[in-house]
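Accompanying notes for the structure given below.
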Amino acid sequence: MVTFCADKFKGNVPFPNCAVWDAQPFTTQWRQFSINSPFSEPVHFYEYLKQEGIDYSVVDTSDAPNGSIYPISLSFFDFTIEWFDVIPKNVVKRLADNQLKIWFFYSEGDNPFRIKKHIEKQMVTAGISPENLHFTTANTKSTILHSSATYVTMSCYTGSVMKV
C-alpha cells in the first residue's frame, strides 16, 4: 500500500499541500485552487487509484511513516515560486533527512525537462537529494527523463492509469 501525506484535512478530505486558497470540499470554491497561487490543487490521482482498486492511505504529515509521499498536484507551474520556502519547514526537514519523498503531479504538457531541472535545483539548494523527487507530467517527452519521471496520458482521466 502507498502512503501519502497531507498537511491538513477538511473533515476527512485531504487539503491540497502548499495551497493558500481556502475552500470547503466539493464546492464551487474547491475548484478554484488552480487559479490561485501557488496553483496547488486537490490530488485527483487519489480518485484514479480508487477506480483501479489500488490500496492507498492519506495521513497527516506529522504522523506519516518514513517513505511516505508528499504530493503536490499542480494546474500551472510558476517558475517564480520557491517551493521549499512554501512547503512547511517540518516537511523540508523530513525530505532532507530522506524520510519522505516528494511528488509533483503536473497535468499540463509544458516542457518537463525545464520544470524537473528547476525543481531539482531548488531541492539541492534546500539540502534535499533529487533522488527523493518523483515527477509526473502529461508531456510525452517525460518518458526519456530519469526514472523518477512518469508520463500520464489523458486516458487516465477516464479511469485508466498508464505508467510508462
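Could you list, in sequence order, the residues of segment 45-67 that are exposed (fewer than 11 other Cβ atoms within 10 Å of the Cβ) and either in contact with a helix residue (DSSP H, G or I) (Cβ under 8 Å, 6 or more places away or on another chain) or charged (D, E, K, R) (or both)? Matches in segment 45-67: 55, 63. Is it the case that residue 116 is at pLDDT below 95 and in a helix (DSSP H, G or I)? Yes.
Beta carbons closer than 9 Å, at least 6 apart along the sequence or on distinct chains, pair a first residue in segment 55-73 that is on the phi > 0 side of the Ramachandran plot with a second that is in a loop (DSSP other than H, G, I, E, B) for 67/99.
The values are calculated or read from the model by the stated rules, or taken from the named source; none is laboratory data. Bear in mind the structure is a predicted one, so any value in this text is a computation, not a measurement. Every residue, glycine among them, receives a Cβ derived from its backbone with ideal geometry; neighbour counts consider all protein chains shown.
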